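Before we start, here is the structure in question, set down as structure tokens.
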Amino acid sequence: MKKRIKVWLIVAVVICNCFISSSCWDYTEFNNVIPVAGIAIDKDEHTGEYLLTLEVIQPTEDGNSIQSVVLEGRGKTVHGCFRETITTTGSMVSTRHAALYVIDKKIAEEGIIPVIDLVDRDVDVRSDMLVFVCEEKNAGDVFKKTKDLEEIISYQIVKTVQSQELSGRFLSTKLYEFVDELTREGISPTITNIYVGHTANDIVAKTKGTHVFKGDKVVGLLDGEETLYLTFIKGNEKLKTVFPISLSDETNVSLEMVGFSKKIKPYLVNDEINFDIKIDVNVLVSEIGGGEEDYLSKPGRYEIKRTAEKLLERNINKLIYKAQNDLKSDIFGFGEILKKKQPEYWKKTKEKWDAEFKLAKVNVDCEVHIRGSALKKNTIKVGK
């Protein structure tokens with residue numbers, strides 16, 4: 001009987017403890033914090049201080065909706081900048097809902113770790129937050145375009161990126177992806193380029209191209225077309241984009257990609273490293289710009305196929321040459337592939353991989369498979 005009473009007492013204590021200890025150790029009243037949607041960081045060239053720009057979400061005066069407000073702070077460290085914003089708001093800011101982090105290009109050229117460490121270390125920051133490098137004079141200008149107060153620019157940018165990330169003109173980069181590539185052997189990270197563009201009636205933030213890193217420093221920029229060809233080696237194999245080709249009679253044809261696959265094989269020839277890259281691309285013929293030839297006949301389809309294959313091989317080879325000779329940065333992850341498939345050779349060469357990467361021979365073989373021509377099996381012919 002006494003044993004049974006003791007058991008019930010223990011159960012009662014456990015149940016009571018669940019109710020008493022159910023609060024969070026770091027709980028903060030929601031009314032005491034201001035949610036941050038986006039973060040931008042610049043640097044004062046004269047003082048060396050960081051300049052922080054935050055897009056925060058606040059209720060309107062009538063309390064019926066929310067609005068976007070820009071806050072600014074400065075300090076010797078990024079964390080110091082955040083604390084300095086309290087003097088303006090009277091409240092702490094919370095980065096739990098921050099969707100993007102925009103870093104000034106000059107900071108990234110000096111070394112990005114000092115402005116990445118806090119957001120990577122802080123438990124409050126989402127690891128899937130998008131990271132951008134801004135080529136404008138001030139990264140904070142991304143949040144200062146003309147807009148309706150209720151429009152949250154940060155979330156609008158993320159929505160745009162998500163809808164266009166299969167276009168191939170940029171490679172979206174999440175915080176955890178960048179930090180992961182930065183710390184791995186045999187690969188150099190990249191970050192999406194963002195800039196402030198203009199339309200007929202507005203100033204808007206746009207994304208195009210890719211900033212290339214060597215270590216933690218930006219060393220160059222790939223434009224949208226170069227980024228497309230980087231995607232064939234590094235990016236999403238569900239890529240859906242359109243690229244034009246020009247045939248022998250100057251007829252322009254648009255090919256819509258519906259996916260691709262790639263295989264990269266390292267091997268040694270006389271103790272020199274070679275890489276074979278085999279890329280299979282599936283396309284639809286989406287547009288034929290005139291011409292007298294029937295380019296959907298067997299000979300015509302073959303010309304489209306061969307022209308497209310040569311175009312892809314030529315431009316991918318140009319990108320590889322640029323990475324090896326101008327950027328001197330292994331953005332393709334060849335070193336990482338070598339580490340996995342030729343571990344003994346990697347151990348001998350990893351300390352001098354920069355020189356080995358430049359000398360590596362890369363053979364690109366692209367094969368285009370025409371899977372259809374939308375709704376039409378024939379080209380349009382004018383009646384006579």
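Could you list, in sequence order, all residues of segment 42-63 that are farther than 22 Å from Tyr195 by Cα and either among the polar types (S, T, N, Q) or open to solvent by 50 Å² or more (accessible area, probe 1.4 Å) (or both)? So that I can check it myself, show each step before the final result.
If we filter segment 42-63 for residues that are farther than 22 Å from Tyr195 by Cα, which is where we start, we get 46-49, 57-63.
Once the filter is applied, which keeps residues that are farther than 22 Å from Tyr195 by Cα and either among the polar types (S, T, N, Q) or open to solvent by 50 Å² or more (accessible area, probe 1.4 Å) (or both), segment 42-63 yields His46, Thr47, Gln58, Pro59, Thr60, Glu61, Asp62, Gly63.
Tell me the strands (runs of 3 or more DSSP E) entirely within segment 241-327 that contain at least 1 residues that are of a type outside the set (Ser, Thr, Tyr), at pLDDT 95 or above and under 19 Å from Asp365 (Cβ atoms).
On the way: elements: 242-246, 252-269, 272-289.
Strands (runs of 3 or more DSSP E) meeting the threshold: 252-269, 272-289.
Filter segment 216-240 down to residues that are open to solvent by 20 Å² or more (accessible area, probe 1.4 Å) and part of a helix (DSSP H, G or I) and give me whichever is modelled with the lowest pLDDT. Steps first, answer last, please.
Going through segment 216-240, the residues open to solvent by 20 Å² or more (accessible area, probe 1.4 Å) turn out to be 216-217, 219, 221, 223, 225-226, 234, 236-238, 240.
Remaining after also requiring part of a helix (DSSP H, G or I): 225-226, 234.
Details: Glu225: 90, Glu226: 93, Lys234: 85.
Ranking the qualifying residues of segment 216-240, first place goes to Lys234.
Please go through segment 106-124 and pick out each residue that is out of contact with any Lys or Arg (no Cβ under 8 Å at 6 or more places or on another chain) and surrounded by 21 or more Cβ atoms within 10 Å (Cβ to Cβ).
Of the residues in segment 106-124, the ones out of contact with any Lys or Arg (no Cβ under 8 Å at 6 or more places or on another chain) are 113-123.
Those that are out of contact with any Lys or Arg (no Cβ under 8 Å at 6 or more places or on another chain) and surrounded by 21 or more Cβ atoms within 10 Å (Cβ to Cβ): Val115, Ile116, Val119.
Here is a further query. For a quick check of your reading: which helices (runs of 4 or more DSSP H) sit entirely within segment 36-142 and have at least 1 residues that are aliphatic (A, V, I, L, M) and under 23 Å from Lys217 (Cβ atoms)?
On the way: elements: 78-84, 86-89, 105-110, 113-121.
Hits in segment 36-142: 78-84, 105-110, 113-121.
Got a sec? Which of Gly209, Gly259 is at positive phi, touching a helix residue (DSSP H, G or I) at 6+ places or on another chain (Cβ under 6 Å) and either charged (D, E, K, R) or open to solvent by less than 40 Å² (accessible area, probe 1.4 Å) (or both)?
On the way: Gly259 fails: touching a helix residue (DSSP H, G or I) at 6+ places or on another chain (Cβ under 6 Å).
The conditions single out Gly209.
Pick from segment 30-41 the residues that are in contact (Cβ under 8 Å) with a residue 24 or more places away in the chain and open to solvent by 30 Å² or more (accessible area, probe 1.4 Å): which of them is farthest from Gln156 (Cα to Cα)?
Asn32
The values are calculated or read from the model by the stated rules, or taken from the named source; none is laboratory data. Since the model is a prediction, treat every value here as computed from it, not as a measurement. A quick note on method: Cβ atoms are made from the backbone with ideal geometry, for glycine too, and the neighbour counts reach across all protein chains shown. These area figures cover heavy atoms from the full protein model, side chains too; ligands, DNA and RNA do not enter into them. Shrake-Rupley method; radii C 1.70, N 1.55, O 1.52, S 1.80 Å.
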